[in-house]
Amino acid sequence: MVASEPALSVVVPMYNEESVLPLLVARLRGVLDALGEPYEVVAVDDGSTDRTSVALLAARRQWPQLRVLRLRRNSGHQPALLAGLMRARGQHVASIDADLQDPPETIVEMLRLAREKNLDIVYGVRADRRADSAFKRWTASVYYRLMRRIAGNDVPAHAGDFRLLSRAAVEALRELPERRPVLRLVVPWLGFPSGEVSYEREGRAAGRTKYPLSRMIALAADSVTSFSAAPLRVATWLGLAGVAICGVLVVLAVVAYFLGATVSGWPSLYVAILFLGAVQLLCLGLLGEYVARIYTAVQARPAYYVAEDTDAAASMVDSLK
Ligand code: UDP
Ligand code: MG
């Protein structure tokens, strides 16, 4: 049985990670046992369709600190992570990917730093992304630059979801009414004292990425719209610019009329019409992005459902989410 309030919880969201699971269990357990403090590992099975769930329950028989949280359906990385955070009971709560791209040893370093300097949040910052593809590196660099612009410089560049939170920070997250927070932006926004630990991001230990391009785009769109209304103002600025340009053209047309230099310029006419049509569609689309999010927020469906929690006592203190 896990102690009721462990010093450390480690949340690991996983989706179809059966191939990496034995490696993860061995390495994570080695690190955490060596810590010499009570801990729990909250493995969140995000509706896997392979044998992840069975393998987790089997691993738990030899490793009582492993707690398995099975979600009813695949809800995505962020909701799975949130599910784990909401149920974790540790004094500190770390989150880490299952694929061993983030070294578990760094968690110990994070914990030491948090205690030494009395920090509520310690981010794992990727010192080097050599293991990632050039495309991933490029998109990540654009993403973090954009996010720092719109969500503020408190957002550490190249800090994903590998971090350590204090109990106070987890409680603050729990109180947020947002159902689908983009954690890597919302956590810095909470405004707790924070620090960083840098680490080398390794290649995936086994299995394939669960983040195809479509999910990367969805995360980026959620990130922008959850922290900035600036795209909505694009329409206003484009409209104003259009009016200014039209004003100049009217003056030119009047001058041309009096000079007798009127030409039948239908190409410029249809270009202008096409252009304006495109701008209108673009603005409608941007508007739609926000309306869609309002719609989702009003529906207020839970981001995830927990089908099973191997720690029954903990199920009693279910989250608000
Ligand atoms: N993940 C998840 N649910 C999903 C997709 C991914 O829980 O729907 C987990 C996955 O198992 C891994 C973590 O999120 O532990 C990060 O995913 P991945 O390593 O595939 O992303 P990448 O590192 O390629 O960006
Ligand atoms: Mg990965």
Counting all C-alpha pairs of the chain, share separated by more than 31 Å (%)
39
Just grab the label-to-label distance for residue 167 and residue 129, each label 7 Å out from Cα along the Cβ direction, in nm (one decimal).
3.6
Just tell me, in residue order, which DSSP H segments of the chain are both 20 angstrom or longer along the helix axis (alpha-carbon based) and at least 0.0 in mean Kyte-Doolittle hydropathy.
21-35, 213-227, 230-259, 266-299
In the chain the DSSP beta bridges are antiparallel at a rate, in percent to nearest 5, of 30
Simple spin-label estimate for residue 305 and residue 112 in nanometres, 7 Å along Cα-Cβ:
4.5
If R0 = 22 Å, then residue 281 and residue 146, at their Cβ-Cβ distance, give a FRET efficiency to the nearest 0.05 of 0.45
Give me the dipole magnitude in Debye, nearest 20, for the chain about the Cα centre, with unit charges on the beta carbon: positive for Lys and Arg, negative for Asp and Glu.
560
Ranked highest first by average number of other Cβ atoms within 10 Å, how do 44-57, 175-188, 282-295 line up?
44-57, 175-188, 282-295
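Any read-out appearing in this document is the output of simple, stated calculations on the displayed coordinates, not a laboratory observation. For clarity, every value in this text was computed on a predicted model and none was experimentally measured. Neighbour counts run over all protein chains shown; Cβ positions are idealised from the backbone, glycine included.
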